[in-house]
Structures are given as structure tokens and as C-alpha cells.
Amino acid sequence: MATRKSSTTDVALRVATAMKQMGIDGLPRNYELVYEAYAGSNPDLVRDFIALGKYKTQAALDELGRKYLPHQHEASVLQRSVGAISNEMSNFMDLLSQERSSLNDYGRLIGEASQVIGSVGGVLGSSLEALQRATELRVTHTAEMAEKVAAQSATMDGIQKEMAEFEAMKFVDPPTRLGNRRAFNKALARVYANPNLPMLCGVVVAEVDAERRFSPAQIEALSDHLVTFYGGLIRQAFPANDLAVRFDGLRFGFLFNTSDEGEVERLIDLLRAGFQTMALRDPRTNRNLGHLTLSAGVCMSDRADSALDLSSACERALLEAKASGGDQIVVYGRGDEVPAGKEWMLYRA
């Protein structure tokens with residue numbers, strides 16, 4: 001059977017190989033940067049990436065990341081926000097200082113008036129008038145102070161709201177409301193936060209087998225509808241305590257918080273069964289377009305040494321599933337049960 005490769009899957013494998021050849025650390029932010037460079041969707045990024053030369057330092061990669069993938073360096077965004085809040089607080093302290101000075105002047109004026117009243121009864125009227133004017137100024141100043149404080153509070157509330165929205169959306173894929181690649185990379189990094197004791201879980205990279213049913217032109221015409229339809233289906237069917245993300249196109253990633261390989265397969269099979277029960281309809285004519293299938297590559301975290309290895313293993317398993325005709329699950333393994341010369345086990349639907 002002729003091997004058919006998904007271009008995005010092929011790019012992912014090339015990225016993993018290239019990173020090892022160039023000696024680039026397998027950090028999630030490095031993987032995303034190199035992936036975007038190899039995908040070629042941003043010519044400026046490709047040009048600047050090549051300009052770094054054959055051997056790329058981490059500092060140079062991070063500088064490139066700050067320019068083209070600012071979400072990787074969220075600290076700078078937060079620092080700007082914190083700086084803005086700090087400036088607002090500084091302004092607020094200045095207002096308080098002015099208020100304190102005003103109170104001191106007010107107290108001094110009252111003290112002088114009291115002395116005059118006590119020693120010279122004839123000027124009592126003028127002293128009281130001065131005290132009244134001071135009181136009126138105090139009331140006016142207090143009102144102005146309240147308005148300024150309210151304005152400062154509104155500014156700070158706006159900054160906090162902006163930060164909250166940024167925090168909520170930076171890991172979300174808008175069309176599907178699933179997680180995005182950044183959420184997936186962050187989750188994989190947590191798996192190996194302690195490299196000597198990685199978190200036990202199962203990771204899956206899957207792709208809807210649209211090419212088995214539609215021509216490339218049809219897929220392009222239905223692209224947005226396919227993404228929202230199957231993204232919504234995955235969101236409804238997926239366990240709330242696990243992670244489901246969309247990478248790009250019709251490619252999705254999953255992280256199951258279980259060390260049981262059989263349970264991971266069962267959950268993916270349930271999702272594939274859902275694909276078979278929900279008919280796809282043409283958004284323009286409402287015509288029934290039948291059902292699409294799902295191919296998946298699986299790897300358990302104890303069979304990889306790093307986030308990059310784990311992601312690459314899933315991509316290789318998915319590539320094998322697609323090359324074998326699609327509608328299959330391929331599990332990547334390193335145990336004794338793996339046949340000699342093989343790095344995967346094939347489970348046909």
C-alpha cells in the first residue's frame with residue numbers, strides 16, 4: 001500500500017529530527033518556534049530563523065520567540081501590566097500625600113483662628129469667616145479627591161479585566177473552544193516537571209480522516225464547518241478532568257490522566273463511536289454527508305523521556321495510522337512485547 005502522509009504530521013516529525021540535529025533543547029517553546037518556522041506560514045519568521053545560523057543559542061531562540069510568538073514569554077506581558085498597576089498606585093499615593101498636606105494646612109488654619117478668637121474678641125467675625133472659607137475649600141477638595149480616586153480605581157479595574165481576559169484566552173482555540181497548542185505544550189511540560197518521576201498519563205494526537213470522504217477542494221470549502229462541527233463533538237464527549245486541544249486544521253491532541261493504556265484506548269474508541277453516530281451535514285444545503293472517521297496515535301508517558309519525545313512518538317504513531325488507510329489507532333511502545341524491528345503496535349478498528 002502506498003504511504004500517504006499528512007503534511008502537518010510530516011512537519012512535526014521533521015521538526016523533532018531537526019531540533020536534535022541542531023542541538024536545540026526539547027522545550028515546548030522551542031518546539032513551537034521551530035514548528036512555525038518549518039511550517040513556513042510566516043516568511044519573516046522563516047527568514048530570521050535561518051539567519052541565526054546552523055547552531056542556535058537559547059538566547060537567540062528566545063529573542064525570536066519574543067518577536068514572533070509573544071505568548072511564549074508571558075512574563076513580559078505581565079510585567080507591563082504590573083508596571084501599569086504600579087504607576088497607578090504611585091499616582092494614588094501622590095493623591096494621598098496631597099490630601100495629607102491639605103489636612104495639615106486645614107489644621108493649621110483652625111489653630112490660628114482659635115488663637116485669634118481666644119485673645120482678641122473683636123476680630124471674632126473675621127476669624128469665623130476664614131474658618132468657613134477653609135471648610136468650604138475642604139469640602140471641595142474632598143469631592144475632587146473622591147473623583148480622582150474613582151478614576152484611578154476604574155483604570156485599575158480595566159487593567160485587571162484585561163489581564164483576566166488574556167489569561168483566559170491565551171490557551172483557548174476560538175473556533176472550537178477547546179484548548180490550543182500552547183495548552184498542550186504546557187501540559188506536556190508539566191508531565192516531565194520532575195524528569196526522574198514523570199506524571200503517568202496517556203497522550204494522543206488524532207486527525208479526522210476527511211480525505212477518505214472528500215476531495216481536497218471539498219475539504220477546503222467545508223473547512224470551517226468541519227472544524228466547528230468536530231471540535232464541538234469532541235468538546236461535548238470529552239471528560240472534563242482531561243485535556244482536549246486543537247492544533248490546526250482537523251488535528252487534535254488529548255491528555256488522559258491515567259496510566260492504564262487500555263483505558264486510553266477505550267476513551268478514544270468512545271470518541272470514534274461518537275463520530276459514527278453524529279452525521280455530518282452540508283451547512284449550505286443541510287444534505288447528509290455521512291460520517292467521517294478518526295485516526296489516532298497514542299503514547300504513554302512512561303515510554304518517553306521528555307515532552308518532545310512524547311509528542312514525536314504520538315506523531316509517528318498517527319503517521320502510521322494514516323499510512324495504513326486511516327480509521328485506526330496506533331500505540332507507540334518500547335516494552336518487551338514490541339516485535340523486533342518495530343516501535344509501534346497496531347490496533348485495527
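Here, each number is a calculation from the coordinates, and none is a lab measurement. Source: prediction; values computed, not measured. Note: ideal-geometry Cβ built from the backbone for every residue, glycine included; neighbour counts use all protein chains shown.
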Simple spin-label model, 7 Å along Cα-to-Cβ: Thr57 to Leu137 in nm? 6.1
Listed peptides 308-315, 269-276 by packing density, highest first (mean Cβ within 10 Å): 308-315, 269-276
FRET efficiency, Glu144 to Arg177 (Cβ-Cβ, R0 51 Å, nearest 0.05): 0.65
Cα gyration tensor of segment 173-348, axes a ≥ b ≥ c as square roots of the eigenvalues: rounded (a/c below 1.5), prolate (a/b > b/c) or oblate? prolate
Shape call, segment 231-278: gyration tensor on alpha carbons, a/c limit 1.5: oblate
Roughly how far apart, in whole Å, are the Cα centres of segment 16-67 and segment 208-262? 27
Going highest first, how would you order 237-245, 43-51 by mean Cβ packing within 10 Å? 237-245, 43-51
Segment Asn196-Lys170, length gained on full extension (0.36 nm per residue, minus Cα span): 6.4 nm
By how many nm would the segment from Asn286 to Asp269 lengthen if fully extended, with 0.36 nm per residue of separation less the alpha-carbon distance? 3.4 nm
